[in-house]
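Structure first, commentary second.
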Amino acid sequence: MAAEPAPQPAGASPTPETTAYRAALEVIRGVEPRVADAVGAELADQRESLKLIASENYASPAVLLTMGNWFSDKYAEGTAGRRFYAGCRNVDTVEALAAEHARELFGARHAYVQPHSGIDANLVAFWAVLARRVEAPALDRAGVRHVGDLGEADWERLRAAFGDQRMLGMSLDAGGHLTHGFRPNISGKMFRQRSYGTDPRTGLLDYDAVRAAARAFRPLILIAGYSAYPRLVDFARMREIAEEVGATLMVDMAHFAGLVAGGVLTGDFDPVPHANIVTTTTHKSLRGPRGGMVLCDDTLAEQVDRGCPMVLGGPLPHVMAAKAVALAEARQPQFRDYARRVVDNARALAEGLLRRGTRLVTGGTDNHLVLLDVSGHGLTGRQAEAALLDAGIVTNRNAVPQDPNGAWYTSGVRVGTPALTTRGFGTAEMDEVAGLIHTVLTSTTPGAAASGAPSRARYTLAEDTAGRVRSRAAELLGRHPLYPGIDLG
Ligand code: PLP
């Protein structure tokens, strides 16, 4: 956290953050000491681990403190001027501030800041597009009253009433997200889905193949965006394809919103000027509170604003207030520097891994994440993820394109740089991190099941190797303390 005050020498008066958190923990301890202990332990765990989860970050003390107050006690369904509850004038203020910062930061016509998460933001967007194109009478004709009561046959009827709507999105093994029309998510029940993948030779998005799929499938929604694709997406080309087939272009920028906010993704790679509707989380590279957001043009604004109560529970005013604070932070010049360093660090990490002989999907990265193919080390993603964790390196396993090990064991590990960049890591240190990862991967051997058959989960990593990696990681982390202004004593 580069912008934070340095740690205080013993005897110096505590920082405001230290005072605030010590007082908060004392109050919590008076009611349920085990929760106070868990909060303190979580800070210690986060301080001591090399966090490379591409979707995580560290929000500032200002963002975190904004969530712990009486805004949490308010009901505020609806939007300003159309609330279902009285007494919401202060909620109106923070909601308007968050929306104003979001519009200014991203250059959007309209911002809806109520979604509780990325999944919720996507659901708001899906219903908004359906509502505009298909309209509510179709729901009545399908006899739908309570969405939660629908069985598979009801969904069939509903889809028929909606005119059998379709969604085209990136396949899961190419880096797409479950909410882009896949079965375990409601989007896979609301829409008939088809996926576009990546070129098997390069791992890169093949726009001609996307165009061919769009022409053949004629989706209502063409969705772009990803959780595990390490390259840029040309949103101008995606819009061209959407227009050609009469689709709405929706971009889910949950992962890379911070790179858009920080001015790293511009022109054809900035989704906001090209998409009809953009969704995001606020807690990944954007470094805000856990939550979601929808940006759209004027044609969808009215339907988007009906998100609550259409598909969302009551808004979380304390989180909307924290979104306003985080977005204000992201409008500061330091955030542009942060976003640039996130990408520089990802490139240094990728180069360090390649140089040492680890295979990367697409052969590198242009954004904040790197996808390792660990099959060359004779490991599954699950074995690699567990061995790395033993050595104090926190990552997550992830499928690679056409993954022979499926989505559970996988052949890949996804790593990302937003969190370590927030701590202040630079490119030379990311190269060292690549060396630590390489040491673990080359020192781990796959294990066997009790029957003697090869196991996709078991592995062996010598404790002295894991220990050496952990102590080097601790030295690196010690150079960049997390929340240096907070001393819980
Ligand atoms: N969209 C994308 C592209 C994501 O990567 C994720 C989360 O990983 C989500 C949506 C869902 O976000 P949330 O966990 O806040 O619901």
_Let me see the P(r) profile for segment 347-396: every Cα-Cα distance counted, bins of 5 Å, each bin given as a percent of all pairs._
4, 21, 27, 28, 17, 2
*With all pairs of different alpha carbon atoms counted, what Kirkwood hydrodynamic radius in Å does segment 15-97 show?*
15.7 Å
*Compute log10 of I(q)/I(0) for segment 334-479 with the Debye formula, placing one identical point scatterer on every Cα and leaving out solvent, at q = 0.08, 0.13, 0.17 Å⁻¹, to two decimals.*
-0.21, -0.55, -0.91
_How are the alpha carbon pair distances in segment 240-309 distributed across 5 Å bins from zero to the largest one, expressed in percent?_
4, 16, 23, 23, 19, 11, 3, 0
*asked:* Quick check on segment 196-318: what does the Kirkwood estimate of hydrodynamic radius come out to from the alpha carbon pairs, in Å?
replied: 15.5 Å
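P(r) tail for segment 263-397, what percent of Cα pairs lie past 18 Å?
It works out to 69 percent of all Cα pairs.
Hey, how much of the P(r) for the chain falls beyond 46 Å, as a percent of Cα pairs?
Of all Cα-Cα pairs in the chain, 12 percent lie more than 46 Å apart.
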_Rg and Dmax of segment 288-366, Cα atoms only, in Å_ = 19.0, 53
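Run the helix sum for the chain: -39,500 (n - 2.57) per DSSP H stretch of 4+ residues, divided by residue count, reported at 222 nm to the nearest 500 deg cm²/dmol.
-13500 deg cm²/dmol
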*Straight-line reach from K323: which aspartates and glutamates have Cα under 12 Å away, leaving out those fewer than 8 places along the same chain?*
E95, E100
*Over the alpha carbons of segment 71-330, what is the largest minus smallest coordinate on each principal axis, giving the biggest first in Å?*
55, 47, 28
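Read-outs: derived from the displayed coordinates by stated rules, not from any lab. From a predicted model like this one, the values you see are computed outputs, not experimental measurements.
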